[in-house]
Amino acid sequence: MQNYKEKVLEIKKQLKDKILIAAHHYQNQDIIDIADYVGDSYLLAKKASQQEKENIILCGVKFMAETAKILAKENQNVYIPDINAGCPLAKGVSIKDLQLVFDILKNKQNLDIVPVTYVNSYVDIKAFTGKYNGSCCTSSNAEKIIRYFLNQKKKIVFLPDFYLGKNSANKIGNIKTKAIFKKNEININLNDNNSDIDIFLWNSFCPIHQVYTPEDIYNFRDKYPGIKIVVHPESKVEVVNLSDYSGSTEYIYNLIKNSKPGSIWAIGTESTFVNRLKKENPDKKIFSLKESFCKNMQRINLENTYNLLESINNNKKNVNQIIIDEEDRYYGRIALENMIKIVEN
Ligand code: SF4
């Protein structure tokens, strides 16, 4: 009997001109092996939309598939092998709360304020960002997007990831930030004086990147003098400050790939990805700063990918297809295009 990998490869051959499989870096090796593209979330969505293939299979979590759908051409369908592959970070912001914060800061306090929204967010939040003429950002360009709006004398609501906002502000320096929430309650009041605040920070966090502590770094430095530490900027501020480098998944991938043979690394990001880096860089000594796996990413496997391909092959196009509201798509696209304009200028 054929295993799922053989079955996927066979059906992929049959559907050759019609499908494209894009896999996020945090996917298991099985999925990486059957993918046409591997990358971080934004790069994947962008690359997929530049293709002519009718069906895009996004092996990652749902907000990534939504981003691919926003950027896809009219005739392209986007699918995800498990529609329940969510993200607690993205889930940590609701339109209702966001509207409330904007009502106070923009409508009642008359602050010239825009949303800057990390791509790790759902489509309704990206659409809100587009409607208010803000911009999306990625972990590699957050600093540039923030600088752009601050240079225009605008204030920013940065969401949903608290630490990406705070770490980016720290890198710029001389930025006054304020946490929007206190003990999970919105802590922005009409009578507050917010005129000197530059960035208001949402309070959602990635549970995978929040686990690292200064002690993890001290332990590795004690044990391996000369070791280099690199972490994702969704990590805590004190961890980013103690590390040698911080940057996006793509940044970490290239940093390790281009580092000297024999170099020693402890990496603070998702462990499936770190395990792959170890395999692809046998000439370097690589450790996970601490084991931390994203269970949502791991919902995608060869079996559900095969089942999805089979339903596409049988013309059952409604199975696990990403459908988004036209208005959300329109405004979500504006938020993503604003990001591209700012970054490419
Ligand atoms: Fe969400 Fe964090 Fe998992 Fe990425 S690693 S999908 S941000 S929970």
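The values are calculated or read from the model by the stated rules, or taken from the named source; none is laboratory data. Computed from a predicted structure; not experimentally measured. Every residue, glycine as well, gets a Cβ built from its backbone with ideal geometry; the counts of neighbours run over all protein chains shown.
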Going residue by residue through region 310-324, is there one that turns out to be within 16 Å of the ligand (Cβ to nearest atom), under 28 Å from Pro81 (Cα atoms) and not in a loop (DSSP other than H, G, I, E, B)? no
Only residues that are without any contact (Cβ under 8 Å) to a residue 60 or more places away in the chain and either over 23 Å from Thr138 (Cα atoms) or in contact with a Ser or Thr (Cβ under 6 Å, 6 or more places away or on another chain) (or both): list them for region 83-111, please. Lys96, Asp103, Lys106, Asn107, Asn110
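In region 89-100, what residues are surrounded by 15 or more Cβ atoms within 10 Å (Cβ to Cβ) and either out of contact with any Asp or Glu (no Cβ under 8 Å at 6 or more places or on another chain) or part of a loop (DSSP other than H, G, I, E, B) (or both)? Steps first, please.
Initial filter on region 89-100 (surrounded by 15 or more Cβ atoms within 10 Å (Cβ to Cβ)): 89-90, 92-93, 97-98.
Matches in region 89-100: Ala90, Gly92, Val93, Asp97, Leu98.
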Go through the residues of region 257-276 one by one and say whether even a single one is farther than 20 Å from Pro207 by Cα and within 22 Å of the chain's Cα centre (by Cα). yes
Which numbered condition Ile32 misses (of (1) modelled with pLDDT of 95 or more; (2) farther than 26 Å from Gly130 by Cα; (3) out of contact with any strand residue (DSSP E or B) (no Cβ under 7 Å at 6 or more places or on another chain)): (3)
For the structure I just gave you, tell me whether Ile252 is closer than 24 Å to Thr117 by Cβ, without any contact (Cβ under 8 Å) to a residue 40 or more places away in the chain, within 16 Å of the ligand (Cβ to nearest atom) and in a helix (DSSP H, G or I). yes
Which condition number does Ile286 fail, the rest of (1) touching a residue at least 24 places away in the same chain (Cβ under 8 Å); (2) surrounded by fewer than 21 Cβ atoms within 10 Å (Cβ to Cβ); (3) farther than 21 Å from Gly226 by Cα; (4) not basic (Lys, Arg) being met? (3)
Any hit, region 257-265, residues being in contact with a helix residue (DSSP H, G or I) (Cβ under 7 Å, 6 or more places away or on another chain), of a type outside the set (S, T, N, Q), closer than 19 Å to His24 by Cα and part of a helix (DSSP H, G or I): no
Output the number of residues of region 221-249 satisfying the condition of being among the charged types (D, E, K, R), outside any helix (DSSP H, G or I) and closer than 15 Å to His209 by Cα. 2
Given the conditions (1) at pLDDT 95 or above; (2) closer than 30 Å to Gln210 by Cα; (3) away from the ligand (no atom under 16 Å from the Cβ), every one holds for Glu270 apart from (3)
Filter result for the condition that a residue is in contact with a Gly (Cβ under 9 Å, 6 or more places away or on another chain) and more than 16 Å from the ligand (Cβ to nearest atom), over Asp198, Asp216: Asp216
Quick one: Ile104 ticks every box in (1) more than 16 Å from Ser41 (Cα to Cα); (2) within 16 Å of the ligand (Cβ to nearest atom); (3) assigned to a helix (DSSP H, G or I); (4) not hydroxyl-bearing (Ser, Thr, Tyr) except a single one, so which number is it? (2)
Taking Ile57, is it assigned to a strand (DSSP E or B), in contact with a Ser or Thr (Cβ under 9 Å, 6 or more places away or on another chain) and farther than 23 Å from Thr129 by Cβ? yes
Within region 107-124, count every residue that is within 16 Å of the ligand (Cβ to nearest atom), within 14 Å of Phe158 (Cβ to Cβ) and not hydroxyl-bearing (Ser, Thr, Tyr). 2
Qualifying position, being more than 14 Å from the chain's Cα centre (by Cα), among the charged types (D, E, K, R) and crowded, with 24+ Cβ neighbours inside 10 Å, among Lys53, Lys73, Lys69: Lys69
Does Ile312 fit the bill of being in contact with a strand residue (DSSP E or B) (Cβ under 6 Å, 6 or more places away or on another chain) and either without any contact (Cβ under 8 Å) to a residue 12 or more places away in the chain or surrounded by 13 or more Cβ atoms within 10 Å (Cβ to Cβ) (or both)? yes
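Okay, residues lined up against (1) over 25 Å from Tyr251 (Cα atoms); (2) part of a strand (DSSP E or B); (3) of a type in the set (Gly, Ala, Ser):
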{"position": "Val114", "(1), (2), (3)": "yes, yes, no"}
{"position": "Ser121", "(1), (2), (3)": "no, no, yes"}
{"position": "Cys136", "(1), (2), (3)": "no, yes, no"}
{"position": "Ser139", "(1), (2), (3)": "no, no, yes"}
{"position": "Lys153", "(1), (2), (3)": "yes, no, no"}
{"position": "Asn167", "(1), (2), (3)": "no, no, no"}
{"position": "Ile197", "(1), (2), (3)": "yes, no, no"}
